[in-house]
Amino acid sequence: MERAEDIELVERFQGGDERAFNEIVNRYKKKIYFLTLRMVNNPQDAEDLSQEVFIRAYKGLAKFQRESALFTWLYRIAVNHCINFNRKKRWTRFFSLEELKVEKGSSEQNPEEIMAAGEIMEEIKRTVARLPQKQRIVFILRQYENMHHKEIAAILGRNVGTVKANYFQAVHRLRRELKSKI
């Protein structure tokens with residue numbers, strides 16, 4: 001269900017209140033930035049892409065019909081923009097596991113364990129980067145954005161069954177490939 005505050009902000013913006021758009025940006029800028037960061041794996045590119053997402057949203061918000069939630073609409077713009085960016089750059093790495101990195105200086109781990117954990121994280125990154133694009137995107141949105149299959153389906157314009165199948169295939173492939181390496 002769309003947040004009532006989002007509906008109000010959209011209506012205010014469509015009525016000519018430019019400040020409403022600033023509130024939308026403030027509400028969603030961190031989520032959009034971290035999504036783009038996971039998809040392009042480069043902080044500078046993620047910052048640029050996030051800004052471009054909001055520029056596109058600004059241009060399109062006047063025609064926004066509320067067929068989906070504002071949040072879903074913004075995520076769809078971000079995902080599509082990142083896909084296009086990566087196609088242009090011919091990048092294959094869409095994913096970052098920054099939040100899973102081992103904290104350095106942990107009193108419970110010795111240097112060998114820290115080094116081994118870092119090597120494992122790098123192998124996971126490489127393996128996820130090799131997933132087919134559809135599986136990779138669904139995996140990112142499900143695992144790291146904590147989205148439900150229904151939300152992902154709305155963002156990607158797919159049915160829920162397809163999204164579930166893509167996620168299952170991604171997890172199965174990751175397990176199979178990582179089992180022999182880790």
query = Among (1) more than 20 Å from Leu156 (Cα to Cα); (2) hydrophobic (A, V, I, L, M, F, W, C); (3) in contact with a Leu (Cβ under 7 Å, 6 or more places away or on another chain), which single condition is Val25 missing?
reply = (3)
request  = Hey, could you check the stretch 148-169 for residues that are surrounded by 17 or more Cβ atoms within 10 Å (Cβ to Cβ) and touching a residue at least 40 places away in the same chain (Cβ under 8 Å) and say which is nearest to Ile32 (Cα to Cα)?
outcome  = Ile155
note = Scanning the stretch 131-146 for residues that are of a type outside the set (Phe, Trp, Tyr) and in contact (Cβ under 8 Å) with a residue 40 or more places away in the chain, the one farthest from Asn84 (Cα to Cα) turns out to be Glu145
query = What tally of residues in the stretch 79-100 results from selecting those that are at pLDDT 65 or above and of a type in the set (Ser, Thr, Tyr)?
reply = 0
key: Set Arg38, Arg76, Arg66: member being in the same structural domain as Arg3 (by TED's automatic domain parsing) and either modelled with pLDDT of 90 or more or hydroxyl-bearing (Ser, Thr, Tyr) (or both)   = Arg76
message = For the stretch 50-66, give me each residue that is assigned to a helix (DSSP H, G or I) and without any contact (Cβ under 8 Å) to a residue 40 or more places away in the chain.
response = Ser50, Gln51, Glu52, Val53, Phe54, Ile55, Arg56, Ala57, Tyr58, Lys59, Gly60
message = in the same structural domain as Arg12 (by TED's automatic domain parsing), within 16 Å of the chain's Cα centre (by Cα), surrounded by 14 or more Cβ atoms within 10 Å (Cβ to Cβ) and assigned to a helix (DSSP H, G or I): is that true of Tyr33 in this structure?
response = yes
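The values are calculated or read from the model by the stated rules, or taken from the named source; none is laboratory data. For clarity, every value in this text was computed on a predicted model and none was experimentally measured. Every residue, glycine among them, receives a Cβ derived from its backbone with ideal geometry; neighbour counts consider all protein chains shown.
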